[in-house]
Amino acid sequence: MENISKTYRAAVYLRLSREDGDVAGSSRQSSNSIANQKELVMDFLKSHPEIVVVSTYSDDGFSGVNFERPEFQRMLSDIREDKIDCVIVKDLSRFGRNYIESGRYIEKIFPMLGIRFIAITDGYDSINEDIGSDMVIPFKNLINDAYCRDISIKIRSHMDVKRRNGEYIGAFAAYGYRKDEDNRNHLVIDEYAADVVRDIFTMKMCGMSQQTIANRLNEWGILSPLQYKKTIGVSLESSFQKSVRPKWSYNAVLRILKNEVYTGTVTQGKCTTPNYKIKKRVYKNESDWIRVENMHEPIISKSDFEIVQDLLLRDTRVSPGLAELFPLSGLVYCGDCGEPMVRKTVPSGDKRYVYYICSGNKKDKTKCSMHSISEKRLTDGVLGVVKTCIGRIIDLSDALEIIYASPKMKPDVKKYEARIQKLRDEVESCNIRKKNLYEDFKDGILSNEEYSMLRDQYRGQIAEIEKNIGSLEIERDSILSNSSRRQEWVEKIRTYGGTDSLDRELISFLIERIEVFDNDSIQVTYRFQKAIEEMERIVELYCEKTKEAV
């Protein structure tokens with residue numbers, strides 16, 4: 001009677017979640033809407049004049065799994081300040097879906113603070129000393145928790161299937177792309193932003209640092225990714241934003257340069273959460289990421305992307321007062337000890353002499369000699385071998401064009417197929433003989449030593465034949481795909497034909513490593529070394545074939 005006669009200062013708590021499946025169906029969405037929850041509570045209070053509503057707290061779009069909800073925390077603050085002594089919810093699932101936390105509040109914290117708790121549709125009122133209801137509440141909380149767990153498992157499984165199928169499930173498309181209107185899990189190119197991305201990669205290949213690229217974009221008045229997305233109607237807030245109108249920065253450029261999405265590859269599953277109750281992000285190892293190639297149109301070719309990743313790994317710092325790297329920066333190594341060679345400027349009167357000096361001697365004087373090479377001698381030497389290489393690639397490409405255009409010199413693919421099939425028949429025959437060996441061993445015809453020796457012989461024969469099959473298949477596939485003809489990198493090399501100077505873009509694209517030896521000799525390793533050797537092999541193969549025909 002004392003409880004009933006008391007006037008309670010009530011808080012009406014409302015919650016609607018889009019994360020845990022509460023609005024999965026239209027009927028459920030209607031019954032659980034914020035407005036309907038409030039209407040049901042107000043209708044309930046008509047028959048409870050002892051309860052006066054002090055404040056209403058509404059968490060719209062928050063999961064019931066954790067209690068770090070803004071309005072729920074505001075309600076707790078008011079409870080601590082003794083503004084409220086009664087909490088009313090539509091049902092227990094609106095209060096929360098975490099079995100442990102819900103029970104802690106209902107059974108410990110609220111009673112300790114003298115808070116009356118009412119869950120209307122579950123028929124629970126804490127002032128009623130009903131043992132039956134006290135036993136039912138934990139079970140209902142457990143069911144609500146299990147429901148949320150089940151929904152979480154289904155969503156995780158569904159998302160994982162989408163990732164493995166290469167469907168893009170990110171909330172927002174990467175800068176340079178937008179979501180396809182017909183398929184929200186597919187990316188299409190945003191031409192304006194894509195041009196900016198191409199410029200960023202080109203500037204990096206030309207030797208600019210990330211900060212210099214950012215400064216250049218800001219000078220041109222190019223909107224930062226966040227600002228650009230807002231101008232096209234994308235509502236996006238980012239933790240990277242530092243000002244009202246954010247500009248391009250070192251990190252913004254670096255994120256674009258390292259993003260594999262620009263090659264047409266969808267990379268997802270980089271981080272996860274331990275479970276449906278803990279929302280802290282845990283980052284996975286790169287080997288566990290889900291990568292699916294060729295899922296959308298690329299903005300950057302894979303070869304250019306790989307070159308840029310290589311440049312990012314090198315020590316290519318820009319000298320003070322300069323905007324671009326030196327053409328050979330980060331590519332010159334000592335041929336004797338393998339250490340990088342450092343560019344040094346030596347003033348002499350009115351003149352300045354520039355050298356590349358081995359850094360190995362500085363670390364360990366016994367490791368290498370203190371040899372150096374002048375920048376002019378190195379540059380002239382590299383330019384000479386680069387011009388020779390470009391001419392060789394163009395000649396090989398032209399020769400291959402003639403080879404593949406000539407009807408008399410069409411590759412005899414059937415010949416390769418016949419040879420491969422012959423070898424496969426031999427493998428099958430060896431396997432049968434090896435199987436018969438075991439039968440002879442069981443029948444006592446062969447001793448254990450004889451069986452082991454013959455078995456090992458057959459295994460060796462099979463391994464050798466399979467190796468030969470692999471070589472022939474490579475030959476056949478190379479011819480079938482015309483892999484050495486009209487490759488993208490060859491066409492780009494053609495644009496450098498007749499060059500008389502070294503620029504950073506050419507060097508970055510063509511050269512992987514430059515080694516300088518103690519006798520000032522230079523050895524250049526090209527990025528497309530294997531492809532060049534393959535072109536040479538095919539040309540030589542058909543030259544020999546032509547000689548045999550003659």
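Please treat every number below as a calculation from the coordinates, not as lab data. Fair warning: this is a prediction, and the values are worked out from it, not measured in the lab. With ideal geometry, Cβ positions are generated from the backbone for all residues, glycine too; neighbour counts draw on all protein chains shown.
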Check: What is the local net charge at residue 263, summed over the other residues whose Cβ is closer than 12 Å to its Cβ (Lys, Arg +1; Asp, Glu -1)?
Finding: -2
Item checked: Most positive-pole-ward Cα, 196, 211, 265, against dipole of the stretch 177-313 from beta carbon charges -> 211
Notebook entry, point to check: Calculated FRET efficiency, residue 449 and residue 477, Cβ-Cβ r, R0 45 Å, to nearest 0.05?
Noted result: 0.60
Notebook entry, point to check: Can you flag which of 344/492; 154/284; 154/179; 258/530; 154/230 are past 27 Å Cα-Cα?
Noted result: 344/492; 154/230
Notebook entry, point to check: How much length, in nm to one decimal, is gained on full extension between residue 112 and residue 501, taken as 0.36 nm per residue of separation minus their Cα-Cα distance?
Noted result: 131.8 nm
Next item on the list: Please give the length that would be gained between residue 68 and residue 388 if that part of the chain were fully extended, namely 0.36 nm times their separation in residues minus their C-alpha to C-alpha distance (nm, one decimal).
Entry: 108.5 nm
Note to self: What does the charge count around residue 232 come to, taking other residues whose C-beta lies under 11 Å from its C-beta (Lys +1, Arg +1, Asp -1, Glu -1)?
What the structure shows: +2
Check: Between residue 519 and residue 398, what length comes free when the chain is fully extended (0.36 nm per residue of separation minus the Cα-Cα distance, one decimal in nm)?
Finding: 39.9 nm
Note to self: Under the rule a/c < 1.5 gives rounded, and otherwise a/b versus b/c splits prolate from oblate, where does the stretch 177-313 land using the Cα gyration tensor?
What the structure shows: rounded
Notebook entry, point to check: Do you know the relative contact order of the stretch 177-313, to the nearest whole percent, from alpha carbon pairs under 8 angstrom that are 6+ apart?
Noted result: 25 percent
Check: Quick one: if you stick a label point 7 Å off each Cα along the C-beta vector at residue 529 and residue 160, how many nm between them?
Finding: 4.2 nm
Next item on the list: Calculate the spin-label point distance for residue 127 paired with residue 250, positioning each point 7 Å from the Cα along the beta-carbon direction, and give it in nanometres.
Entry: 6.4 nm
Checklist line | Estimated FRET transfer efficiency when R0 is 41 angstrom, pair residue 464-residue 302 (beta carbons, to 0.05) | finding: 0.70
Next item on the list: Mind putting a number on the dipole of the stretch 177-313 about its Cα centre? Charges go on the C-beta only, +1 for Lys and Arg and -1 for Asp and Glu, and I need it in Debye to the nearest 20.
Entry: 920 debye
Next item on the list: Rank by packing, highest mean first: peptides 246-259, 92-105, with packing defined as the count of other Cβ atoms within 10 Å averaged across residues.
Entry: 92-105, 246-259
Next item on the list: Compute the signed sum of charges (Lys and Arg +1, Asp and Glu -1) over the other residues within less than 13 Å, Cβ to Cβ, of residue 83.
Entry: -1
Checklist line | Estimated inter-spin distance, residue 231 and residue 433, nm [label 7 Å along Cα→Cβ] | finding: 7.5 nm
Checklist line | Highest-first arrangement of 173-179, 338-344, 107-113, 353-359, where packing means the average Cβ count within 10 Å | finding: 173-179, 353-359, 338-344, 107-113
